[in-house]
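Quick notes on the structure that follows.
Derivation of every value follows stated rules applied to the coordinates shown; laboratory data play no part. Note that the structure is a prediction, hence the values are computed from the model and not measured. Positions of Cβ are generated from backbone atoms using ideal geometry, with glycine treated the same way; all protein chains shown enter the neighbour counts.
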Amino acid sequence: MNWETSFPKEIAGVRVPDTSLVLGAIRLAREVSSPLLFNHCIRTFVFGSLIAEKHSVKYDAEVACVAAVLHDLGLTDHAHGPRRFEVEGADAAKRFALKHEMSEEKAEIVWDAIALHTASGISIEKRMEIALTQIGASVDVFGRGLESISESGLKAVLEQFPRLDFKNGFLELLTRSWSSKPPMVTAFTFGAEICRNHIPGFQCPTFSQAMHGAGFSS
C-alpha cells in the first residue's frame with residue numbers, strides 16, 4: 001500500500017489538514033528525514049495541536065502543520081548549510097511553501113515558526129501558529145507540557161509514531177550537524193553546550209569571554 005494513502009487522517013483526535021500543501025510537506029519530510037526525525041516532526045504537530053485544543057485556542061491548522069512537519073529540515077541534507085539549522089530549515093520550508101502556492105504572508109509565518117522554534121521565550125509571544133511549533137517540539141524533546149496530554153492521546157501518538165530511541169538519536173543528529181558548521185554559529189546558543197560536551201576540541205567563546213575579549217576596555 002502506498003504510504004500516502006495509508007498515512008492517518010487523524011492522530012490522537014487531531015485531524016491532519018487534508019490539503020495538497022500538507023501532503024506535500026509530509027512527503028518532503030519523509031523523503032529527506034530519518035524515521036526518527038520524521039516521527040519527531042509529526043509528533044511536534046500533534047502535541048502542539050493537542051495543547052492548543054485543550055486551551056480552546058484557534059489557529060490555522062494548515063500553516064501550523066506545514067511549519068511543524070518541516071521544522072527540522074535544517075538537520076537534513078536537503079537544507080544543510082553554514083548558518084544555524086533553524087534558519088537553513090526556515091528558508092527551505094518557505095521556498096517549498098511558495099512553490100506550492102501558499103501566500104507570501106502565510107509562508108512568512110512558516111518561516112518565523114521554524115526559525116524561532118528553539119527560542120521559547122520569543123516564539124511563545126508570537127501568533128499561535130508560530131508558538132505551536134515550539135510548544136509541540138518542547139513536549140517531544142523535553143517533556144515540557146506533557147501533563148496536558150491525556151494518557152490515551154499519548155499512547156495513540158506513540159503507537160503510530162514511536163520515539164525510536166529519540167533522545168540519543170536526536171542528540172547525535174544535532175552534534176553531527178553542528179560539527180560541520182563554523183563554531184561561531186552556535187555562539188550563545190544551546191548548541192554551544194552540546195558541542196563543548198560532544199565534539200573534541202570544540203572552541204567557541206562564552207558570552208562573558210566574547211564581551212571581555214576585545215573592543216572596549218571596560
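Extent of the range 128-218 along its three principal axes (Cα atoms, max minus min coordinate, largest first): 59, 30, 20 Å. Between 0 and 90 degrees, the angle of helix 166-179 with respect to the longest Cα principal axis of the chain falls at about 50 degrees. Legend: Rg and Dmax of the range 83-152, from Cα coordinates, 13.3, 40 Å. Here each label is just a point 7 Å from Cα along the line to Cβ, and for V87 and S179 those points are 2.4 nm apart. The range 41-97 and the range 99-161 have Cα centres separated by 7 Å. Backbone geometry of the range 22-36 corresponds, through the Karplus equation with coefficients 6.51, -1.76 and 1.60 at θ = phi - 60°, to 3J(HN,Hα) couplings of 5, 4, x, 5, 5, 4, 4, 4, 5, 5, 9, 9, 5, x, 4 Hz, x marking Gly and Pro.
Modelled label positions at F142 and L98, each set 7 Å beyond Cα in the direction of Cβ, lie 3.2 nm from each other.
Axis of helix 85-99 versus longest Cα principal axis of the chain: the two differ by about 40°, to the nearest ten degrees.
Computed from the alpha carbon positions, the gyration tensor of the range 3-162 leads to an equivalent ellipsoid with semi-axes of 21, 18, 15 Å, biggest first.
Would you mind getting me the FRET efficiency between R27 and R163? Use the beta-carbon distance for r and R0 = 22 Å, nearest 0.05.
Details: r = 22 Å, r/R0 = 1.01.
That gives a FRET efficiency of 0.50.
Using only Cα coordinates, the Kirkwood hydrodynamic radius of the range 27-114 works out to 13.1 Å. Taken about its Cα centre, the range 131-218 carries a charge dipole of about 260 debye when Lys and Arg each add +1 at the Cβ and Asp and Glu each add -1 at the Cβ. Highest mobility in the GNM of the chain, judged by mean-square fluctuation with C-alpha springs under 10 Å and restricted to Q160, Q134, Q203, is found for Q203.
Quick one: how many lysine pairs in the range 3-162 have C-alpha atoms under 27 angstrom apart, if they're 8 or more apart or on different chains? Count of close lysine pairs: 18.
Using packing as a proxy for protection, rank 26-32, 106-112 so that the peptide with the highest average count of other Cβ atoms within 10 Å comes first.
On the way: 26-32: 18.3, 106-112: 21.3.
For the peptides 26-32, 106-112, the packing ranking is 106-112, 26-32.
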